[in-house]
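The values are calculated or read from the model by the stated rules, or taken from the named source; none is laboratory data. Bear in mind the structure is a predicted one, so any value in this text is a computation, not a measurement. All Cβ positions, glycine included, derive from the backbone under ideal geometry; neighbour counts span all protein chains shown. Just the protein is used for accessible areas: all its heavy atoms, side chains included, with ligands, DNA and RNA removed. Shrake-Rupley method; radii C 1.70, N 1.55, O 1.52, S 1.80 Å.
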Amino acid sequence: MTTHSPTLPPLTQHYAALLPGDPERGAQPRAPRNALFSFVEPTPVAAPRALVLNGALGTELGLSPEVLHSPTLLSCLAGNGSWPGATPYAMTYGGHQFGTWAGQLGDGRAINLGDLVDDAGRRQSLQLKGAGPTPYSRGADGRAVLRSSLREYVCSEAMAALGVPTTRALALLTTGDGVLRDRFYNGQVEAEPGAIVCRVAESFLRFGHFELLAARQEPETLQTLLDYLATHHFPDLSGSGKARALALYEAICQRTAALVAKWTGIGFVHGVLNTDNLSVLGLTIDYGPYGWLDRYTPGWTPNTSDHGGRYRFEQQAAVAQWNLAQLGNALYLVVEDAPVLQAILNDFETDYRRYWQDEMASKLGLSRFEPRDEGLVSELLGLMEEAQVDPTLCFRHLADVPAIEAVRTGAPRGTALTEALAPCFYDDAPLDHTRQGAWEAWLLRYGARLHADPADPATRRERMNGKNPALIPRNYLTQQAIDGLAEGDEAPLQRLLAGLSRPYAPTAEDAPLLGRRPAWAEAHPGCTALSCSS
Ligand code: AMP
Ligand code: MG
């Protein structure tokens, strides 16, 4: 750590400079009309400490290692100091939560500072999550606990390395303050360590921003926000007014379809797909009780508060479309063309299907998806579900199965054919006769399909390994990092972050992170399912 303090590059303002805001300042609760944000300062914390600083992202944002590690930056990210050029503000939005209109929500614990321009020339907003009360805190404390902040940092950076659109994380700080939480919803309130994540995204605009303006019948502000979004974040869209608003809706539908197909491909379950947690840029946003399929169970959700399984893995595309319908309803206020909005919304299904097919084709190492591959894929998913295999390991090890050789030469057969897949089966006992036969039959069908595909085996294997990650931030791994910190050991967190930065090409050091979820973790708190308390 440096002892002197370098100067921070000044933040610039865009959202708060160009859009209508709330004339009142401060954190007292309110519901401003025709306003997209309220100016509010972060609340200082007792003893901030930087737990993780993201050097690679810092460099992209023009923050040198010296600046990134400086006490000045730490103080600004904690809310104890002010970053030159910052005009801290909380955004105003609403949302449908679990299918019900919840009215005004807003940034209840996130405070935006302003923007930096990255090395690709893109404006990036910096936001502190857990920085204290805002007008939108609805009686809550505006703070975040370390375990949930660490989970957000780890998973958002893992997503970025996996190639999934996401908000990023520049820093994870502990605040030195305790935060009171009823962690298991059993009436036991405990002080937990508080934390702040500095999130970074081109925009934090959500579906709920537009819904709130429509619910309040504020068409001019809605049109202003649509124009802002189109001009600055979708510059390729032509036209103006209603036509551009429709083109924007179409673009948001497509990005959402592409995003959910990527989640499906890597076994990610967001956990709380309310409309306030969907980004209009198609980014993964708001990491709460998310999870990863350790076993292929399409009906699974990691969120223990989601009793009906509304946001379960297999439901994410349908629920994303439901959320897009709410966005379409909001846009109706200015577009006034229900049939066209409906037609765009209907296209989501075909768009999603196409993205999903591309995803599956590349996971299987096929040059392209053909209609006959429908059966090949659904049979594999059926086998995976029936045997409750680890889907990440199954896809990863498929590249090592000599399926094409078995078709060409008749060998290997039997267990020699399936042995490369052994790591993905939870039961270490050999496959029983029926299962062995079913997997073998599928692999021979797959081998025949590969045989007809033009790619050469070496290229295919390389492509598959670049598509099917060896390492994902399974909840038990992240929980081990959290448990390590509680004992003062930062090594598990550092090892996990290092591994997750190279999910497709792990090194020997990553070996302990690569296996299936261990048996002890199935019932251990935080290792499989989680509550919303954060
Ligand atoms: P989330 O479930 O984290 O997406 O949050 C839903 C809404 O509750 C958002 O408006 C959040 O800003 C707000 N919220 C969640 N936790 C807190 C908190 N501790 N203090 C204030 N607002 C919160
Ligand atoms: Mg949220």
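Answer yes or no as to whether SER38 is buried (at least 20 other Cβ atoms within 10 Å of the Cβ) and either touching a strand residue (DSSP E or B) at 6+ places or on another chain (Cβ under 8 Å) or in a loop (DSSP other than H, G, I, E, B) (or both). Against the criterion (buried (at least 20 other Cβ atoms within 10 Å of the Cβ) and either touching a strand residue (DSSP E or B) at 6+ places or on another chain (Cβ under 8 Å) or in a loop (DSSP other than H, G, I, E, B) (or both)), SER38 qualifies. In the set (1) within 16 Å of ligand 1 (Cβ to nearest atom); (2) open to solvent by 20 Å² or more (accessible area, probe 1.4 Å); (3) within 24 Å of the chain's Cα centre (by Cα); (4) farther than 30 Å from LEU380 by Cβ, GLU250 fails one condition alone, (1).
Against the test of being touching a His at 6+ places or on another chain (Cβ under 6 Å), open to solvent by 10 Å² or more (accessible area, probe 1.4 Å), more than 13 Å from VAL269 (Cα to Cα) and in contact (Cβ under 8 Å) with a residue 12 or more places away in the chain, the options GLN326, GLN321, GLN342 yield a single qualifying residue, GLN326. Scanning segment 140-158 for residues that are more than 16 Å from ligand 2 (Cβ to nearest atom) and out of contact with any Leu (no Cβ under 9 Å at 6 or more places or on another chain) yields a count of 0.
Considering only residues of segment 71-99 that are open to solvent by 40 Å² or more (accessible area, probe 1.4 Å) and under 22 Å from the mean Cα position of the chain (by Cα), which is farthest from GLY21 (Cα to Cα)? Only one residue tops the list, namely PHE98.
Name the residue, out of ALA102, ALA195, ALA160, that is touching a strand residue (DSSP E or B) at 6+ places or on another chain (Cβ under 9 Å), among the hydrophobic types (A, V, I, L, M, F, W, C), in the same structural domain as LEU19 (by TED's automatic domain parsing) and open to solvent by less than 10 Å² (accessible area, probe 1.4 Å). Checking each option against the conditions leaves just ALA195. If the condition is being within 22 Å of ALA448 (Cβ to Cβ), open to solvent by less than 10 Å² (accessible area, probe 1.4 Å) and part of a loop (DSSP other than H, G, I, E, B), then segment 390-435 contributes no residue at all.
Results for (1) assigned to a helix (DSSP H, G or I); (2) β-branched (Val, Ile, Thr); (3) not assigned by TED's automatic domain parsing to the domain that holds VAL200, shown as yes or no for each residue.
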| residue | (1), (2), (3) |
| --- | --- |
| LEU229 | yes, no, yes |
| TYR249 | yes, no, yes |
| VAL260 | yes, yes, yes |
| ARG295 | no, no, yes |
| PRO298 | no, no, yes |
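ASN112 meets each of the listed conditions (1) within 16 Å of ligand 2 (Cβ to nearest atom); (2) more than 18 Å from THR167 (Cβ to Cβ); (3) touching a residue at least 40 places away in the same chain (Cβ under 8 Å); (4) of a type in the set (S, T, N, Q) apart from (2).
With respect to being in the same structural domain as GLN28 (by TED's automatic domain parsing), surrounded by fewer than 24 Cβ atoms within 10 Å (Cβ to Cβ), within 20 Å of ALA46 (Cα to Cα) and within 16 Å of ligand 1 (Cβ to nearest atom), ARG143 falls outside the description. Restrict the check to segment 377-385 and report whether at least one residue is touching a Lys or Arg at 6+ places or on another chain (Cβ under 7 Å) and either surrounded by fewer than 15 Cβ atoms within 10 Å (Cβ to Cβ) or more than 22 Å from HIS451 (Cβ to Cβ) (or both). So far as segment 377-385 goes, no, none of its residues is touching a Lys or Arg at 6+ places or on another chain (Cβ under 7 Å) and either surrounded by fewer than 15 Cβ atoms within 10 Å (Cβ to Cβ) or more than 22 Å from HIS451 (Cβ to Cβ) (or both). Exactly one of (1) without any contact (Cβ under 8 Å) to a residue 40 or more places away in the chain; (2) under 21 Å from SER531 (Cα atoms); (3) not basic (Lys, Arg) is unmet by PRO193. Its number? Of everything listed in (1) without any contact (Cβ under 8 Å) to a residue 40 or more places away in the chain; (2) under 21 Å from SER531 (Cα atoms); (3) not basic (Lys, Arg), PRO193 misses just condition (1). Do we have PHE184 as open to solvent by less than 10 Å² (accessible area, probe 1.4 Å) and more than 12 Å from ligand 1 (Cβ to nearest atom) here? No: the conditions fail for PHE184.
Reported count of residues in segment 257-286, each being within 16 Å of ligand 1 (Cβ to nearest atom), open to solvent by 10 Å² or more (accessible area, probe 1.4 Å) and not aliphatic (A, V, I, L, M), is 3.
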